[in-house]
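Here the structure comes first, spelled out in structure tokens, and everything after it is commentary.
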Amino acid sequence: MEQTIDIKANKVKETVGRHVLADGFDFVMDIERSHGSWLYDKLTDKEYLDMFSMFASASVGYNHPYLVERSEWLGRMAVNKPTLADVYSEEYAHFLEVFERVVIPEECSMLSLLKVEV
């Protein structure tokens, strides 16, 4: 049975904070509306120039037209690599809620997620 989890922007940081250290920005990235070198914040409904490129993991910017044309939702999530320790999204909060329900034992209260490339 599929469970629907709907996490609104104003609850993202609180939700993320239940699973990982949420000491990043008071900012909820809208992955769909961010583009080029511009991050879109769902909390303020404003765009901000991305001056740190997610620590260089977003070198082509967000939602590059060539990549977006060739992808559905999962593809867009894969081409955007936000530094989720500092900038949060509804998709990330949703992932953490599902991951906790399916994988994390009750005795574990926090996660430390790392991306390792070989």
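Descriptive notes on the structure:
- Long-range neighbours under 6 Å by Cβ, at least six apart or interchain, first residue touching a residue at least 24 places away in the same chain (Cβ under 8 Å) and closer than 11 Å to Phe27 by Cα within the range 40-66, second among the hydrophobic types (A, V, I, L, M, F, W, C) and surrounded by 15 or more Cβ atoms within 10 Å (Cβ to Cβ): Lys42/Ala9; Lys42/Val28; Leu43/Ala9; Leu43/Val28
- Selection status of Phe95, in contact (Cβ under 8 Å) with a residue 24 or more places away in the chain and either over 19 Å from Ile5 (Cβ atoms) or assigned to a helix (DSSP H, G or I) (or both): no
- Single residue of Asp23, Asp86 found to be acidic (Asp, Glu) and either without any contact (Cβ under 8 Å) to a residue 40 or more places away in the chain or assigned to a helix (DSSP H, G or I) (or both): Asp23
- Here the range 1-20 is the region considered, the condition is being of a type in the set (A, V, I, L, M) and assigned to a loop (DSSP other than H, G, I, E, B), and the residue that is modelled with the lowest pLDDT is Met1.
- Verdict on Ser89 being within 20 Å of Leu114 (Cα to Cα), surrounded by fewer than 16 Cβ atoms within 10 Å (Cβ to Cβ) and not basic (Lys, Arg): no
- Within the range 43-52, none of the residues are in contact with a Gly (Cβ under 8 Å, 6 or more places away or on another chain), at pLDDT below 95 and in a strand (DSSP E or B).
- Scope the range 33-57; condition of a type in the set (D, E, K, R) and surrounded by fewer than 18 Cβ atoms within 10 Å (Cβ to Cβ); matching residues: Arg33, Asp45, Lys46, Glu47
The values are calculated or read from the model by the stated rules, or taken from the named source; none is laboratory data. Keep in mind the model is a prediction, meaning the values are calculated, not measured. Neighbour counts run over all protein chains shown; Cβ positions are idealised from the backbone, glycine included.
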